[in-house]
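Every number here is computed from the coordinates shown, using simple stated rules; none is lab data. Not measured: the values here are computed from a predicted model. Every residue, glycine as well, gets a Cβ built from its backbone with ideal geometry; the counts of neighbours run over all protein chains shown.
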Amino acid sequence: MKARNLILAALIALLAWPLPLHAGQYDLKEMTPEVQAALSARQSRYTQLKGLKSQSILGETHHGYLKVLRPSPEASALADAENHDRGIIYRAIILQHALGSEGLAAVEKSFGAVQLEKASPGEMVQLPSGEWVQK
Amino acid sequence: MKKQFRWIYGLAAACALTGCTIKAVGDPNRPITINANVVIDIRGLKQTANNIEDMVAKGGSGT
């Protein structure tokens, strides 16, 4: 009886163990200094970019990069820097998970889809068809 | 007698064949390239993208 109760308790504990629901299959395995720097830079310019996106000066493309929609030197510099850092992160995912030559397209497509989902109302986003719309 | 010789000849041929070895010599330092099709889970990639973008937004908005 005691053994049975112990087994039952162990099974219940196992089932109740919190699962890593938010862990991504392709999460970065190693935070290299380059990746860490790219993430930090992205965090530091996040608010600025959000502001430019809300004014439709910048828009999110369907392959995960920023595009300047209205000419602005400040926006161009920020977009270039942001796209560079995003590229570093995308390539790190591809390398760390050995996604091969087709990995870049898949990663870019996935990030593009997520950016589309996370865009705030009023921001310009590019659909997979290539068409630009205001969310 | 002839039958015996046939048997002997056959055995000798079999021995000769099994005794031959074909050796392929290649450059041991030559890199081996393996082309494999990688199956990518798009849903998994989107989850990772979500995690990263949430991390960026959280760090960027100061929350």
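Relative contact order of region A:4-135, please, whole-number percent, based on alpha carbon pairs below 8 angstrom and at least 6 residues apart.
Computed over region A:4-135, the figure is 26 percent.
Rounded, prolate or oblate: which one fits region A:32-134, using the alpha carbon gyration tensor with axes a ≥ b ≥ c (rounded when a/c is under 1.5, else prolate when a/b beats b/c, else oblate)?
Because a/c hits 1.5 or more and a/b fails to exceed b/c, region A:32-134 counts as oblate.
5 Å is the cut-off here: which amide hydrogens, built 1.01 Å from N in the peptide plane, fall below it relative to A:Glu123, excluding neighbours closer than 5 in sequence?
Under 5 Å from the amide H of A:Glu123 lie the amide H atoms of A:Lys135, each far enough along the sequence or on another chain.
Within chain A, how many Lys pairs sit with Cα atoms under 23 Å apart, leaving out pairs fewer than 8 places apart on the same chain?
15
With everything on Cα atoms, drop me the angle between helix A:2-16 and the longest principal axis of chain A, reported from 0 to 90° to the nearest 10.
So the inclination is approximately 0 degrees.
Averaged across A:97-107, how many Cβ atoms of other chains sit within 10 Å of each residue's Cβ atom?
3
Of A:Lys109, A:Lys53, A:Lys29, which has the largest mean-square fluctuation in a 10 Å C-alpha GNM of chain A?
Comparing A:Lys109, A:Lys53, A:Lys29 in a Gaussian network model of chain A, the most mobile one is A:Lys29.
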